[in-house]
1. What order do you get for B:170-183, B:226-239 when each peptide is scored by the mean count of other beta carbon atoms within 10 Å, highest first?
2. Any idea what the A:LYS209 label distances to the other copies are, label 7 Å down the Cα→Cβ vector, nm, shortest first?
3. Once phi is turned into ³J(HN,Hα) by the Karplus curve 6.51 cos²θ - 1.76 cosθ + 1.60 with θ = phi - 60°, what whole-Hz value does each residue of segment A:169-183 show in order, with x for glycine and proline?
4. Just to check I understand the Karplus step: with θ = phi - 60° and J = 6.51 cos²θ - 1.76 cosθ + 1.60, what whole-Hz values come out for segment A:108-125, glycine and proline as x?
5. For the protein assembly as shown, what percent of Cα pairs sit more than 48 Å apart?
6. Based on the Cα gyration tensor of segment A:4-156, what are the three equivalent ellipsoid semi-axes, each the root of five times an eigenvalue, rounded to whole Å and given largest first?
7. In the structure shown, do any of A:LYS512/A:LYS673; A:LYS605/A:LYS636; A:LYS230/A:LYS483; B:LYS539/B:LYS654; A:LYS597/B:LYS43; B:LYS209/B:LYS293 have a Cα-Cα gap over 27 Å, and if so which?
8. On a straight-distance basis, which lysines could pair with A:LYS375 in a cross-link, Cα separation under 17 angstrom, same-chain partners fewer than 8 positions away excluded?
Protein chains: 2
Amino acid sequence: MKYIFIVLLSTILANAQVKTDDLNLMPWPQSISVTNGTFALTKNFKVNITGNPNPRIFARTTQFLGRLDGRTGLFFNQGFVTKINEFPSAQLQINCTQSGKIGINEDESYQLEIKSDKIIINATSDLGAMHALETVLQLLQNNSNSYYFPTVSISDFPRFTWRGLMIDAARHFQPIDVIKRNLDAMAAMKMNVFHWHLTDDQGWRIELKNHPKLIQLASDGNYYTQEEIKNIVKYADERGILVVPEIDVPGHASAILTAYPEVGSKLNPDKNTYAIERNSGIFTPTLDPSNPKTYQLLSEIFDEVCPLFSGNYFHIGGDENEGKDWDSNPKIQEFKKKNKLETNHELQTYFTMQLIPMLKKHNKTLMGWEEIRTKNLSKDAIIHSWKGTNEGVPTDQSLTNTIKEGYKTVLSNGYYIDLMLPVESHYLNDPMPKNTILTAEEKARILGGEAPMWSELVTPTTIDSRIWPRTAAIAERFWSDEKVTDMASLRKRMNAVSLQLEELGITHIRNKEVLLRNISNNQTNTALEDFSNICEPLKLYTRNSEGTEYKTYSPFTLFADACTADAKNALVFNEAVNNYMKNKNSENQILVTDYLKKWINVNTKLVELSSNAPLIQPLLPLSKSLSDLSQQLLLKIEKKQTVNPTAVKDLLEKCNSKNHADVELAVYNSLKKLVSAE
Amino acid sequence: MKYIFIVLLSTILANAQVKTDDLNLMPWPQSISVTNGTFALTKNFKVNITGNPNPRIFARTTQFLGRLDGRTGLFFNQGFVTKINEFPSAQLQINCTQSGKIGINEDESYQLEIKSDKIIINATSDLGAMHALETVLQLLQNNSNSYYFPTVSISDFPRFTWRGLMIDAARHFQPIDVIKRNLDAMAAMKMNVFHWHLTDDQGWRIELKNHPKLIQLASDGNYYTQEEIKNIVKYADERGILVVPEIDVPGHASAILTAYPEVGSKLNPDKNTYAIERNSGIFTPTLDPSNPKTYQLLSEIFDEVCPLFSGNYFHIGGDENEGKDWDSNPKIQEFKKKNKLETNHELQTYFTMQLIPMLKKHNKTLMGWEEIRTKNLSKDAIIHSWKGTNEGVPTDQSLTNTIKEGYKTVLSNGYYIDLMLPVESHYLNDPMPKNTILTAEEKARILGGEAPMWSELVTPTTIDSRIWPRTAAIAERFWSDEKVTDMASLRKRMNAVSLQLEELGITHIRNKEVLLRNISNNQTNTALEDFSNICEPLKLYTRNSEGTEYKTYSPFTLFADACTADAKNALVFNEAVNNYMKNKNSENQILVTDYLKKWINVNTKLVELSSNAPLIQPLLPLSKSLSDLSQQLLLKIEKKQTVNPTAVKDLLEKCNSKNHADVELAVYNSLKKLVSAE
């Protein structure tokens, strides 16, 4: 056996003392104490399960063994965990009192005790035990030739019960394997709600056997079959995750109305009235709330969709209905009058109220974006709070109003990961409003939060790089204590977790390489990668101006798609500049000037590459500006030369341009500091 | 519009003259003439389809547009192709006379004419037209700021009608997305048969609703649902690919017998007699051919499986039954006597003959591995020829005997891509025997060939790197003229195609990086990658000695898994050494010595990395031997010093070791040349 020497070596106990701060745990546990000892991992490592857990724990523990074995290459003797008390003498003992129920407000706590010869996980249910297994995986340490765990005692539970990720599978369809790998990553980050945005103007993505027109006419052939939906619900269940489907009505209805124009709000709609939308934005197609056929159709749809999902929540969207087609349709105006509905908001409330019994029939509680909020709604409904300063609403206002009115709520404002904002903005955004005094009851109505991944600008190739690793930070915000807010610690741990996500199939790192190879026309060079590490895609909604620059079928294989938020070398450079500004010693100076020199070289190389790579051309103006400014800054910093302030200012502004390749230089602010420095 | 300048530039016609040899077409077309001109690609590029093709052409052409747009970033105005004669004035015109039928012996030919203002594809059916679209994609050229096609005239058709890839989804389950991306890659290489090995000792992978025990007891939960099977058959159909399912009987039966021990050949089997196999090799569990229940079960299985596949071929395996359990079971011996079956081969033939009507009922022709061959079999059967020198059978003998006996055949001997052999061995292996005189009729019985991807040592993460790019070379062997055998041309074109396969989701390049990151414990360094580029996994069946070193659940995340056949820098080094041996000028010398210096450095870096990466430890002995030998060779080559011949010979032998990390140094032969050189 070739691997025997590893086994032998690893039994020689590592004498490393691990400090709490060294651990790359994420989300950070509620309570942890590290002692001076280690548990040595060998190929004889085994797991045993006792108690009364849900059988889902067996597959998860088997996966745990496989992941640990894959990381360490130890060739564990145990390959599967299949039943209770299979290996009573196993080193890792898991005990669960009861079977976990998928949903909210379940006990997800766990205790994890690692001693030098034993690992003990105690949890009320398998839900907590599965969280504990993820913690164990994150605790793995190594020296030069062995793997071990530090001896620790952890007691852990979530701060919020709703820790969600939403994936928009409508604007760009996301195949089953994208959903599965993201469910795995969610479980690794102890998230427990997957909100599946299944319909929108750009497509209807769920098979309805009694209404085949929906997929025939409104999906472009990209949809989930009912079996696939059930398969995903089961896959999520096995990972302790609740699936909340969303059928977005009455707005965002271009797709459904392409199949069923007769329930649209335009006057006398026919089969040419509506079409699948190819652009992004807010569109007018809206269901007709005055038409009984609308409710007939929705009722039939819910009757078919509800049983596919085992959870008790159903999201009906309800957002961004501007009511334009309602205003222009006299029949709908008449209906409003007849029913004494003064505003379109009241009309939409009327509409929403019709849906409640349709869902109740299937034991589903209605959830919707905050536009559905109204005093008449049942207090069972969950209001999904999403508006904030971008929408002209003061931070926390919508959330606070919601809970004050007695509704339960989930916060998404501040967690829009599609906007390409820095992780800090999401991480420091607490679901619990800071400047409002709330009663305990009101606080309890804040179920948690959810990161929405809208898919206007992502494909299956790029979506992971928009979700991860920033969503790991959001997951920590939902799980950990509110005082866990140190950015340096977050960044360190997030980097470690980011790499571990690859083990679950997340493609955020590997697919960047694929995009860069295409952009460089397969020319081998690090310049393009170097440049990508200081550029970020345009933020908020500025990349897709008017929502028409990119159609749903446009290429998302461009430089902006390869770049991510939190450009990694920009973070390093920014820190280097901050240190240099504080203390201009030669050590600090070199860290800055090395980057400046690198960027001059990057530009030279990019120009070379561009002679055989048209997709590099759009980057050159920005790269040249950076190179030119770097040259000036080097003269100033290294040669202590006086540089022409107007010329430098001009170059600096060029470095702030957002007109090239849909990216911006993430080092602009630091460059500005260097320009302004004495 | 930020991209408008690309559009403008690309209308300025590239004046590049493209030579035929510059084109990276694969498989190489039967006839091609390149003229002096170009077709400029702009965002106004559109496609139009006329004639009577199968509607599958629409989705394929839409995908073609997306791929071309993704490569070029041109933002084509046309996003979809949905019906006949949609854009009559489009630049690319496709005309098909008739609807293509998925199967063998169909007309797959096409004519492609690219003029400076028009591209015309004429094909009998959409099958040929889809091949033409792949050719167009491979013809794409660029200069610094625009994309274009050379003006060409191509007439093309396949040499063999059966151009297959087999994927073993039994030993390691391969999820749907693995199958789909490989079907896409097959289509890109103009392959038309996907042979799906669905059952084996290590697992039963296909849901049977009437026999749920098969997946409940014999799949570890890893199987395809019937809907998924149908989905894949449709996906393959849309790409012109026939799916041939394989249910392997009567041997390779551990899984089926785990569910149904009562039809096993062991005496008085019960539920503990059989278990899912975790090792690799040839095992004894075999169906009982004397038991009527065996045929009852198989008949019921075929009744359920056959309708899921639209094609007319069904593979029943039949290989590697050594009959040990038949010999040791007196009841089976008695049955043999009673039925005058003298050998186990005759007994197996008896068994096989019972299956023919079960399949015929569903209009399926039986296919099986060559062990099923016997003079009594219907001549309709297809004999799958796989034995060769590895199995002690002279090359071509089994194939030649088969066709001489009147059977149709498909050749797999020589195409076993799981064996990690160099591409040359597969590429120069012609399905048509060279040393036997065959009649035209006999030749016609050679339908083609098939590359088998057995999955003992691959997971979904690594399988692509075993299939691709070598299967592209095999695809060329099956499609192109027999005279197309130039290795230098093959390598050049294969490299280009290999990178293009990424666009279809093939992960052979990107997942190597993932494995290396895990091995290096996420330490950034190129040394590990450099070393992987001169190492190859152990070949044939030597990696998994006794078939028990690796279980199905063992880690396949090791250095050997990151390495591939045809180690890329080894090829470059070997060529450098060959040139140096011919002419020891300083230019040739530097090319060699630069590598030697690199490897000394690689070893130093690997030692450094290993201090924090246990998985690097197993590589160090080999890396040290290479470094030590490189030092000696540098002394000899650069310093013209006399080196100790015994010491050097000893180092050389260490470089030939196969005892480290399951890899071998692919530069050994070249090192030997340098050692022996005067």
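Just so it is clear, none of the values below were taken in a lab; they were calculated from the coordinates. Note that this is a predicted model, so its numbers are computed, not measured. No Cβ is skipped: glycine too gets one built from the backbone with ideal geometry, and neighbour counts run over all protein chains shown.
1. Numbers: B:170-183: 21.7, B:226-239: 19.4.
Averaged packing, sorted descending, gives the order B:170-183, B:226-239.
2. So the distances to the same position in the other copies read 0.9 nm.
3. 9, 8, 5, 10, 4, 10, x, 3, 5, 5, 4, 4, 5, 6, 5
4. Per residue, the Karplus-derived 3J(HN,Hα) values read 10, 6, 8, 10, 10, 10, 10, 10, 5, 10, 7, 10, 10, 10, 10, 8, 4, 9 Hz.
5. On the way: 348924 of 918690 pairs.
It works out to 38 percent of all Cα pairs.
6. Details: eigenvalues 122, 71, 29 Å².
So the equivalent ellipsoid measures 25, 19, 12 Å along its semi-axes.
7. Checking Cα-Cα distances, A:LYS512/A:LYS673; A:LYS230/A:LYS483; A:LYS597/B:LYS43 exceed 27 Å.
8. A:LYS340, A:LYS404, A:LYS408
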